[in-house]
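Novice: Structure below; questions to follow.
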Amino acid sequence: MNEFLVKIGRGVGGVVGALYQAGREAIDQVIVNILPFMAFIALVIGIIIKTGVGDWIANLLAPLAGSLLGLLVLSVIIALPVLSPLLGPGAVIAQIIGTLLGSTLIANGDIPAKFALPALFAINPQVGCDFIPVGLALGEAEPETVEVGVPAVLFSRLITGPVAVLIAFLFMPLLPYD
Amino acid sequence: MDALVVAAEWFIGLFKTGGDVFLSLVGGIIPLLIVLLTGVNALVALIGPERIDKVGEWAARDGIIYYPIRYILLPFLAVFFLTNPMAYTMGRFLPEKYKPAFYDSAVSYVHPPLGIFPHINPGELFVWLGIATGIETLGLSVVPLAVWYLLVGLIVIFIRGIVTERITAIMWSRREAK
């Protein structure tokens, strides 16, 4: 009987401890990662709305973001092996372009809401391109693997970037937005 | 003098708009996010991330039936349990020839699940949130978009893994021929 109680006590203690630790981590993540970026995005959006730069950028992006061909072109440009490692860090560029598209063209109804799905892939073919050597090192790759792997991933993105947009475009009609 | 006041008002207005945006982001997103992050963090801690090591060993095998394990199941479990950037350490279970493709596949999956599992990459939330905010402004639910982003992402990383594996193999044989 005693053993049983000890077991239950330990189990409950473990679960409660894990939950409490999880809450602590969640608050840390919000304070360290999420709130600073929200402040940054809020500043960018505020300036864009107030100065009218937003309309200007929206006009520039509208032909690219509003059609399949435009999104394919956008994804190929971002995936160019000379550009993709530069556009990668912190996904800052993807986050800004995404916010611009979302808060102007999509929010205003200038491009159909369904285009959000292919757009999510079109703004992101460079994901992780700045991080390939580190990522491979985390996987304990040999130096030779890194030498081959970096160009392999970069060139692969030229193909799979637009392919991702195309696949998302095919699934687009399944979204319930009209 | 009047001109100065107008200029000052415009200047403050720039940040006031930003402040409103910040408030709506914090009020609309952070409460749900904190509770969700807590729940998922606890789940991951209770299940134990070391359990996915078995899948890593499994994914290392040759043969066509192991492709979906290597480029769908393993990247998904890796980013879900280990999150960005520790997910890439799962590459250590794979032979060198598969490491670049696995990295490509895993790193491409740190954004598609963000609508439902933001714990994977809270620092880069706006890759998803930027566009999702536009959908919300239109008064539509973002959940269908989140679900299809997650699902289409799985197809995309599968293709990405296969293509990068092929390109790595070609580049490797060329290198050896030299």
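Novice: May I ask you to list pairs of residues, at least six apart or on different chains, whose Cβ atoms are under 8 Å apart, with the first in the range B:105-116 being over 25 Å from A:GLY149 (Cα atoms) and the second being part of a loop (DSSP other than H, G, I, E, B)?
Specialist: B:LEU114/B:ASN121; B:LEU114/B:LEU125; B:GLY115/B:VAL142
Novice: Hand me the list of helices (runs of 4 or more DSSP H) wholly inside the range A:100-178 holding 2 or more residues that are under 15 Å from B:HIS111 (Cβ atoms) and in contact (Cβ under 8 Å) with a residue 24 or more places away in the chain.
Specialist: Working: elements: A:116-122, A:132-138, A:143-171.
Where helices (runs of 4 or more DSSP H) fall fully within the range A:100-178 and carry at least 2 residues being under 15 Å from B:HIS111 (Cβ atoms) and in contact (Cβ under 8 Å) with a residue 24 or more places away in the chain, they are A:116-122, A:143-171.
Novice: Looking at the range A:11-33, I want the residues that are at negative phi and have a partner that is outside any helix (DSSP H, G or I) with Cβ atoms under 9 Å, at least 6 apart or on another chain. Which pairs are those?
Specialist: A:ASN33/B:ASN121; A:ASN33/B:LEU125
Novice: Determine if the range B:22-33 includes at least one residue that is modelled with pLDDT of 85 or more and either β-branched (Val, Ile, Thr) or not in a helix (DSSP H, G or I) (or both).
Specialist: yes
Novice: Just to confirm my filter: which helices (runs of 4 or more DSSP H) fall fully inside the range B:76-178 and include at least 3 residues that are surrounded by fewer than 18 Cβ atoms within 10 Å (Cβ to Cβ)?
Specialist: Values: elements: B:99-107, B:126-137, B:143-177.
The helices (runs of 4 or more DSSP H) meeting that bar are B:143-177.
Novice: Taking the range B:55-75, which residues are part of a helix (DSSP H, G or I), farther than 22 Å from B:PRO113 by Cβ and among the charged types (D, E, K, R)?
Specialist: Taking the range B:55-75 as the starting set, the residues that turn out to be part of a helix (DSSP H, G or I) are B:55-59, B:64-75.
Of the ones still in play, those that are also farther than 22 Å from B:PRO113 by Cβ are B:57, B:64-66.
Residue satisfying the conditions is B:GLU57 alone.
Here's the yes/no breakdown for (1) within 15 Å of B:GLU124 (Cα to Cα); (2) more than 7 Å from every other protein chain (Cβ to nearest Cβ); (3) at pLDDT below 85:
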position	(1), (2), (3)
A:GLY88	yes, yes, yes
A:VAL92	yes, yes, yes
A:GLY98	yes, no, no
A:THR104	no, yes, yes
A:ILE111	no, yes, no
A:LYS114	no, yes, no
A:PRO118	no, yes, no
A:GLN126	yes, yes, no
A:ASP130	yes, yes, no
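Novice: Which one of B:LEU151, B:LEU114 is more than 24 Å from A:GLY88 (Cβ to Cβ), hydrophobic (A, V, I, L, M, F, W, C) and at pLDDT 90 or above?
Specialist: On the way: B:LEU114 fails: more than 24 Å from A:GLY88 (Cβ to Cβ).
Selected residue: B:LEU151, the only one of B:LEU151, B:LEU114 that is more than 24 Å from A:GLY88 (Cβ to Cβ), hydrophobic (A, V, I, L, M, F, W, C) and at pLDDT 90 or above.
Novice: Right, another one. Quick one: in the range B:107-128, which of the residues that are facing another protein chain (nearest Cβ under 8 Å) and aliphatic (A, V, I, L, M) is farthest from B:PRO144 (Cα to Cα)?
Specialist: Among those residues, the one meeting the criterion is B:VAL107.
Novice: Just checking, which of A:LEU72, A:LEU60 is part of a helix (DSSP H, G or I), within 23 Å of A:ALA113 (Cα to Cα) and open to solvent by 60 Å² or more (accessible area, probe 1.4 Å)? Don't jump to the end; show me each part of the working.
Specialist: Values: A:LEU72 fails: open to solvent by 60 Å² or more (accessible area, probe 1.4 Å).
Of A:LEU72, A:LEU60, the one residue that is part of a helix (DSSP H, G or I), within 23 Å of A:ALA113 (Cα to Cα) and open to solvent by 60 Å² or more (accessible area, probe 1.4 Å) is A:LEU60.
The values are calculated or read from the model by the stated rules, or taken from the named source; none is laboratory data. Here the structure is a predicted model, which means the values were calculated and not measured. Cβ sites come from the backbone with ideal geometry, for glycine too, and all protein chains shown count toward neighbours. Each accessible area value is taken on the protein alone, full model and side chains, heavy atoms only, with ligands, DNA and RNA left out. Shrake-Rupley method; radii C 1.70, N 1.55, O 1.52, S 1.80 Å.
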